[in-house]
Amino acid sequence: MGDWNFKSMDQNSPEVVTAIQGAMKASALCQKIRKDLVAGESILKSDKSPVTIADYGAQAVICKWIKERFPHDPIVAEEDSKELRRPDHKKILEQVTSYVNAFVPNSSSEEVCSWIDFSSNSITDRFWTLDPIDGTKGFLRGDQYAIALALIEKGVVTLGLLACPNLYVDIHEPYGERGCLFIALKGKGSVQMDSRGVNPRAISVSKVKNPSEATITESVEPDHADHLTHQRLAKKLNISKPSFRMDSQAKYGILARGEVTLYLRVPSPSEPGYKENIWDHAAGSIIAEEAGGRVTDVLGHPLDFSYGVKMVKNHGILVSNGFLHDVVLKALEM
Ligand code: AMP
Ligand code: MG
């Protein structure tokens, strides 16, 4: 586990224990919904409802868990209960409540809504940020998704956790055990644990120094990133391996454990001015950095988590194993 034990926050700190336990509950809730979906159970069947139910359910469970332990910490999360409280969404709220009940017995719909609404937009000196399901399209397809939770103190991400319930534990056994937890603490490295939150092992980025040997990961969704520009960049750097497409911040996880060398996210031409959300990058970025990687926007600017919910100071995202960062930034100037 290397030097993951340090004085300020370590693996036994209340923040770390809370983050791991909260994310594990949310992860189990999401996996239950996925299983019910595949089994054709009576989960609502409109296109978006399973992910809506999982999103709200995961947020309710994690927000309640954090708020009970850190009552003064704001939580900046993706959802609020406004839509869910509408009379025509009564059935969805009932479903959310029934799934939450498996983790918090006897909770009422009103309580579930109030836990979801612990979320606020307060960017303060110390706050948590949460994406209850990052990669919703992956979740619906049965591909990758992540529960992403980070603690931000004075604009700096000090703790990041990604629960990736559907991610293979070992690249050499892609059909083997699934479910990974990645966690990083500022200055203390990154670890991967199994889905029960045990067996931590230190992870580190790939040592590739020759750009032509690099492998790129990018979004599956063409609306989330400019695949064509990524392809041009690959050609320019003589990268011959095809890009590895994956949904969610699981991309940061596979880069942090050395499976890929670069994560490119040039804004898609369908929305060239898109500004990223803090909960889509806070957890992933510290996990990549603490594993030895480097994270900036595509112009080389550090990610700014202090401004608001939207990362208005940044344009796109570039993650690398460090060695290749400057060469890629230069190539992106094309
Ligand atoms: P990924 O799975 O990496 O494609 O990222 C999923 C995240 O992309 C979601 O959480 C959304 O917040 C975010 N997203 C939505 N629209 C866009 C867009 N136009 N450009 C970049 N990211 C987006
Ligand atoms: Mg997201």
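When the residues of region 215-260 are filtered to those that are over 24 Å from residue 280 (Cα atoms) and in a loop (DSSP other than H, G, I, E, B), which remaining residue is nearest to the chain's Cα centre (by Cα)?
242
Mind listing just one residue for me: the one in region 209-225 that is under 21 Å from residue 145 (Cβ atoms) and among the hydrophobic types (A, V, I, L, M, F, W, C) and, of those, farthest from ligand 2 (Cβ to nearest atom)?
Result: 216.
Take the residues in region 117-138 that are assigned to a strand (DSSP E or B) and more than 16 Å from residue 58 (Cα to Cα); name whichever of them is farthest from ligand 2 (Cβ to nearest atom).
Within region 117-138, the match that is farthest from ligand 2 (Cβ to nearest atom) is 126.
Among the residues of region 170-178, is there at least one that is open to solvent by less than 20 Å² (accessible area, probe 1.4 Å) and either of a type in the set (Phe, Trp, Tyr) or not in a helix (DSSP H, G or I) (or both)?
no
Return yes when residue 206 is more than 16 Å from ligand 1 (Cβ to nearest atom), of a type in the set (Gly, Ala, Ser) and surrounded by fewer than 18 Cβ atoms within 10 Å (Cβ to Cβ) and no when it is not. Outline the logic, then answer.
Values: more than 16 Å from ligand 1 (Cβ to nearest atom): yes; of a type in the set (Gly, Ala, Ser): yes; surrounded by fewer than 18 Cβ atoms within 10 Å (Cβ to Cβ): no.
Considered against the rule, which asks whether it is more than 16 Å from ligand 1 (Cβ to nearest atom), of a type in the set (Gly, Ala, Ser) and surrounded by fewer than 18 Cβ atoms within 10 Å (Cβ to Cβ), residue 206 comes out as no.
Hey, can you tell me all the residues within region 287-329 that are under 19 Å from residue 218 (Cα atoms), part of a helix (DSSP H, G or I) and either touching a helix residue (DSSP H, G or I) at 6+ places or on another chain (Cβ under 9 Å) or among the charged types (D, E, K, R) (or both)?
Scanning region 287-329 gives 287, 288, 289, 326, 327, 328.
Please find, among 274, 263, the residue that is buried (at least 23 other Cβ atoms within 10 Å of the Cβ) and within 16 Å of ligand 2 (Cβ to nearest atom). Before the answer, list the steps.
Values: 274 fails: buried (at least 23 other Cβ atoms within 10 Å of the Cβ).
Exactly one residue qualifies, and that residue is 263.
Could you look through region 267-282, keep only residues that are in a helix (DSSP H, G or I) and more than 7 Å from ligand 1 (Cβ to nearest atom), and pick out the one that is nearest to residue 294 (Cα to Cα)?
Only one residue fits best here, namely 282.
Go through region 179-202 residue by residue and tally those that are of a type in the set (A, V, I, L, M, F, W, C) and open to solvent by 10 Å² or more (accessible area, probe 1.4 Å).
The total comes to 3.
Where the second residue is surrounded by fewer than 19 Cβ atoms within 10 Å (Cβ to Cβ) and the first is of a type in the set (Ser, Thr, Tyr) and lies in region 66-78, which pairs have Cβ atoms under 9 Å and are six or more apart or on separate chains?
Here the result reads none, with nothing in region 66-78 linked to a residue that is surrounded by fewer than 19 Cβ atoms within 10 Å (Cβ to Cβ).
Confirm whether residue 116 is β-branched (Val, Ile, Thr) and open to solvent by 30 Å² or more (accessible area, probe 1.4 Å).
Taking the combined requirement at face value, the residue does not satisfy it.
How about region 145-159: which of its residues are small (Gly, Ala, Ser) and crowded, with 24+ Cβ neighbours inside 10 Å?
Within region 145-159, 146, 148, 150 qualify.
So which residues in region 1-16 are at pLDDT 90 or above and either open to solvent by less than 50 Å² (accessible area, probe 1.4 Å) or of a type in the set (Asp, Glu) (or both)?
Once the filter is applied, which keeps residues that are at pLDDT 90 or above and either open to solvent by less than 50 Å² (accessible area, probe 1.4 Å) or of a type in the set (Asp, Glu) (or both), region 1-16 yields 13, 15, 16.
Okay, residues lined up against (1) open to solvent by 30 Å² or more (accessible area, probe 1.4 Å); (2) more than 16 Å from ligand 1 (Cβ to nearest atom); (3) among the aromatic types (Phe, Trp, Tyr):
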| residue | (1), (2), (3) |
| --- | --- |
| 90 | yes, yes, no |
| 133 | no, no, no |
| 139 | no, no, yes |
| 143 | yes, no, no |
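Consider region 22-63. How many of its residues are under 22 Å from residue 277 (Cβ atoms), open to solvent by 10 Å² or more (accessible area, probe 1.4 Å) and part of a helix (DSSP H, G or I)?
4
Looking only at residues in region 238-260 that are within 18 Å of residue 325 (Cβ to Cβ) and open to solvent by less than 20 Å² (accessible area, probe 1.4 Å), which one is farthest from ligand 1 (Cβ to nearest atom)?
Only one residue fits best here, namely 239.
Restricting region 92-116 to residues that are in a helix (DSSP H, G or I) and aliphatic (A, V, I, L, M), which is nearest to ligand 1 (Cβ to nearest atom)?
116
The values are calculated or read from the model by the stated rules, or taken from the named source; none is laboratory data. All values derive from a computational prediction rather than experimental measurement. Neighbour counts are summed over all protein chains in view; Cβ atoms, including those assigned to glycine, are modelled from backbone coordinates with ideal geometry. Accessible surface areas use protein heavy atoms only, side chains included; no ligands, DNA or RNA. Shrake-Rupley method; radii C 1.70, N 1.55, O 1.52, S 1.80 Å.
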